[in-house]
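A.B. asks: The structure is given below, and queries will be raised subsequently.
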Amino acid sequence: MKLLNGNIKFFEASITHQRNGKKNHFFKNQTNAILIDLKNKPKQKIQKYPSLFSLENFNLLTWSASKHGKQCEFSTSNDLYKFIKNLCIDKIKADKEIYNIKLLTFPKVLSFGFNPLSVYFCYNNKGLLIHSIFEVRNTFGDMHHYVLRNINLKKITQKTTKKLFVSPFYPKKGSYKLFANYVHDKIMISVEYTLQNKKVFIATMKLKEIKFNNLNIIKAFLKCSIYPGKIWINIHLQALILWFKRITLYKVPSSEKIKHSFGIEESKD
């Protein structure tokens with residue numbers, strides 16, 4: 001397998017979830033994420049990763065391209081790059097050609113991990129963000145890609161119809177307002193869920209880059225911002241709390257056959 005020949009950056013992340021309604025619910029979580037440059041650059045010197053991080057192989061932190069996109073065994077970062085690029089093809093605006101793609105995601109810890117959300121940032125040859133893709137996964141094994149095409153600083157937020165059943169506490173109805181931006185060493189992501197013209201859920205993720213070295217990996221592990229299965233455990237813990245609050249449960253529908261959809265441009269307030 002060809003090794004990834006692109007930079008990987010390490011981030012501290014602060015995540016908030018706010019549920020609005022008859023019974024409000026809020027929780028905040030600290031974790032760590034990685035930003036992966038998916039484009040192989042033959043002339044670039046291969047980054048030396050910390051010894052506690054590995055691609056594919058077992059380690060304290062690991063990442064595998066096969067867990068994204070088509071989720072095909074043995075797929076590489078190059079396969080993932082091509083898959084994401086094909087999602088963004090726009091026959092109307094052919095000038096929006098992708099030159100590079102960076103993936104924000106959560107690494108596995110001791111081979112355990114779950115990625116409810118990964119975000120792809122797609123750039124043109126001038127380094128401008130032109131598309132972004134929200135790769136959303138639920139705990140029932142389904143995945144959907146929400147593709148935000150032809151974005152710019154004035155239209156970086158886009159509205160999408162909810163296509164994936166994510167939580168048993170919400171129906172597969174309504175719409176999202178999705179926003180993601182990466183400036184210098186900071187990343188901001190937000191998801192606003194609207195149901196019956198009411199904003200019922202808001203999730204935000206604020207990330208700041210830190211040095212990608214063994215010391216910071218160990219610090220994250222000791223602070224419990226990362227540990228095996230943390231995100232999966234937190235999701236089910238919060239679900240248990242909502243169940244105790246007697247929030248209505250919805251039946252899990254059949255898997256959605258359409259695996260990607262496109263956003264509608266909206267000006268950011």
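A.B. asks: Under 5 Å between amide hydrogens, which residues at least 5 positions from Lys39 or on another chain qualify, with H placed 1.01 Å from N in the peptide plane?
C.D. replies: Correct list: Ile101.
A.B. asks: Apply the Karplus parameterisation 6.51 cos²θ - 1.76 cosθ + 1.60, with θ equal to phi minus 60°, to every residue of the stretch 57-67 and state each ³J(HN,Hα) to the nearest whole Hz, in sequence, with x for glycine and proline.
C.D. replies: Here the 3J(HN,Hα) series is 7, 4, 6, 4, 10, 9, 9, 9, 5, 5, 8 Hz.
A.B. asks: Expressed as a whole percentage, what fraction of the accessible surface of the stretch 68-157 belongs to carbon and sulfur atoms when a 1.4 Å probe is rolled over the protein heavy atoms?
C.D. replies: On the way: 2270 of 4260 Å².
C and S fraction of accessible area: 53 percent.
A.B. asks: Ranked from highest to lowest mean number of other Cβ atoms within 10 Å per residue, what is the order of the peptides 167-180, 209-222?
C.D. replies: Working: 167-180: 18.4, 209-222: 15.3.
My ranking of the peptides, most packed first, is 167-180, 209-222.
A.B. asks: While we're looking at this one, here's another question. Within the set of other residues whose C-beta is less than 12 Å from the C-beta of Asn20, count the net charge using Lys and Arg as +1 and Asp and Glu as -1.
C.D. replies: Charge balance in the 12 Å sphere: +4.
A.B. asks: Sort the stretch 117-258 into rounded, prolate or oblate with this rule: let a ≥ b ≥ c be the square roots of the eigenvalues of the Cα gyration tensor; rounded if a/c is under 1.5, and if a/c is not under 1.5, prolate when a/b is larger than b/c, oblate otherwise.
C.D. replies: Working: a/c = 2.03, a/b = 1.13, b/c = 1.79.
Taking the square roots of the gyration eigenvalues as a ≥ b ≥ c, the stretch 117-258 is oblate.
A.B. asks: Report the residue, chosen from Lys159, Lys48, Lys67, that carries the largest GNM mean-square fluctuation when the chain is represented by alpha-carbon nodes joined by springs under 10 Å.
C.D. replies: Lys48
A.B. asks: Same structure, new question: With a 1.4 Å probe and all protein chains left in place, how much accessible area per residue does the chain have, in Å²?
C.D. replies: Values: 14940 Å² over 269 residues.
Ligands and nucleic acids excluded, the result is 56 Å² per residue.
A.B. asks: Nearest 500 deg cm²/dmol is fine: what mean residue ellipticity at 222 nm does the chain get from its DSSP H runs of n ≥ 4 alone, each adding -39,500 (n - 2.57), divided by its residue count? Walk me through the numbers on the way to the answer.
C.D. replies: Numbers: 3 runs with 35 residues, N = 269.
Roughly -4000 deg cm²/dmol at 222 nm, from the helical runs in the chain.
A.B. asks: Continuing with this model, one more query. What order, most packed first, do the peptides 30-36, 140-146, 255-261 have when packing is the mean number of other Cβ atoms within 10 Å of each residue? All intermediate terms of the calculation are to be shown ahead of the outcome.
C.D. replies: On the way: 30-36: 20.3, 140-146: 17.4, 255-261: 11.9.
Those peptides, ordered most packed to least, come out 30-36, 140-146, 255-261.
A.B. asks: Around Gly174, which amide H atoms from residues at least 5 apart in sequence, or from another chain, sit under 5 Å from its own amide H, with H modelled in the peptide plane?
C.D. replies: So Gly174 has HN proximity to Lys162.
A.B. asks: Turning to a different aspect of this structure: Could you give me the radius of gyration and the Dmax of the stretch 177-269, taking only the C-alpha atoms into account and expressing both in angstrom?
C.D. replies: My reading of the Cα-based Rg and Dmax gives 17.9, 48 Å.
A.B. asks: Rounded if a/c is under 1.5, else prolate if a/b beats b/c, else oblate: with a ≥ b ≥ c from the C-alpha gyration tensor eigenvalues square-rooted, which is the chain?
C.D. replies: Details: a/c = 1.65, a/b = 1.17, b/c = 1.41.
Oblate shape, in that a/c is at least 1.5 and b/c is the bigger or equal ratio.
A.B. asks: Nearest-5 percent of antiparallel DSSP beta bridges in the chain?
C.D. replies: On the way: 73 of 79 bridges.
Bridges in the chain that DSSP calls antiparallel: roughly 90 percent.
A.B. asks: Still on this model: Between Lys39, Lys23, Lys162, find the one with the highest GNM mean-square fluctuation for the chain; connect C-alpha pairs within less than 10 Å.
C.D. replies: Highest fluctuation among the options: Lys23.
A.B. asks: Using a 1.4 angstrom probe on heavy atoms only, work out the carbon and sulfur share of the accessible area of the stretch 196-269 in %. Working shown, then result.
C.D. replies: On the way: 3350 of 5480 Å².
The nonpolar share, carbon plus sulfur, comes to 61 percent.
A.B. asks: With every protein chain present, what accessible area does Ser51 have (1.4 Å probe, heavy atoms only), rounded to the nearest 10 Å²?
C.D. replies: 90 Å²
A.B. asks: Show me, for the stretch 199-207, the HN-Hα J-couplings you get by feeding each phi into the Karplus relation (A = 6.51, B = -1.76, C = 1.60, θ = phi - 60°), rounded to Hz, glycine and proline as x.
C.D. replies: Running phi through 6.51 cos²θ - 1.76 cosθ + 1.60 with θ = phi - 60° gives 6, 9, 7, 9, 10, 10, 9, 10, 10 Hz.
A.B. asks: Could I ask something else about it? Keeping all protein chains in the complex and leaving out DNA, RNA and ligands, what accessible area do you get for Glu12 with a 1.4 Å probe, in Å² to the nearest 10?
C.D. replies: Probe radius 1.4 Å; accessible area of Glu12 about 80 Å².
A.B. asks: Separate question: Given an 8 Å cut-off on Cα distances and at least 6 residues of separation, report the relative contact order of the chain as a percent. Provide the component values of the computation, followed by the final result.
C.D. replies: Numbers: 547 pairs, mean separation 56.1, N = 269.
Over the chain, the number comes to 21 percent.
The values are calculated or read from the model by the stated rules, or taken from the named source; none is laboratory data. Just so it is clear, the structure is predicted and the values come from calculations on it, not from any experiment. Here the Cβ is made from the backbone with ideal geometry for all residues, glycine too, and neighbour counts use every protein chain on show. Only protein heavy atoms, including side chains, enter the accessible area calculation; ligands, DNA and RNA are left aside. Shrake-Rupley method; radii C 1.70, N 1.55, O 1.52, S 1.80 Å.
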